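Written below as structure tokens is the structure these notes are about.
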Amino acid sequence: MSYKKILVDNLTCKRRFHITFNDDEKKVPLVEVHCLHCDAVIFSRENHVPAKLARDEVLIKLTDLSPIKTKECYLQDHFSPAQKPKV
């Protein structure tokens, strides 16, 4: 059993995602891992073993980033009052 972990940093929402998989499993045609917060694709590979999101964390330091980075984020603020258009 060969357990592997990949780190993916999202520079838009300042999150680090821990993606795990077992190298001994059978490969599938397409693997996609989605963000739990906004459903953006954070990891996508063709002909890869199944992968899953093990955890996510808020990035504190932006000086030590992972080699894999993304900027895709669909998170929307539903708590702030809506902006009134200026006339």
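Annotations
- Residue list for region 24-42, filter: surrounded by fewer than 16 Cβ atoms within 10 Å (Cβ to Cβ), free of Cβ contacts under 8 Å to residues at least 24 places away in the same chain and part of a strand (DSSP E or B): V28, P29, L30, E32, H34
- Taken as a whole, region 32-40 holds at least one residue that is among the acidic types (D, E), closer than 16 Å to Y74 by Cα and modelled with pLDDT under 95.
- Test: residue in region 13-20 that is among the hydrophobic types (A, V, I, L, M, F, W, C), without any contact (Cβ under 8 Å) to a residue 60 or more places away in the chain and on the phi < 0 side of the Ramachandran plot: yes
- Applying the criterion of being modelled with pLDDT of 95 or more and among the aliphatic types (A, V, I, L, M) to the residues of region 43-82, the residue that is surrounded by the fewest Cβ atoms within 10 Å (Cβ to Cβ) is A54.
- Any hit, region 16-28, residues being more than 20 Å from S2 (Cβ to Cβ) and at pLDDT 90 or above: yes
- Cβ-Cβ contacts under 8 Å between residues 6 or more apart (or on different chains), taken from a first residue in region 56-79 that is within 10 Å of V8 (Cα to Cα) to a second residue that is surrounded by 10 or more Cβ atoms within 10 Å (Cβ to Cβ) and of a type in the set (D, E), are listed as L65/D9; S66/D9; I68/D9; K69/D9; T70/D9.
The values are calculated or read from the model by the stated rules, or taken from the named source; none is laboratory data. In this text, all values refer to a predicted model and were calculated from it rather than measured experimentally. Quick reminder, even Gly has a Cβ in these numbers, built from the backbone with ideal geometry, and neighbours come from all protein chains shown.
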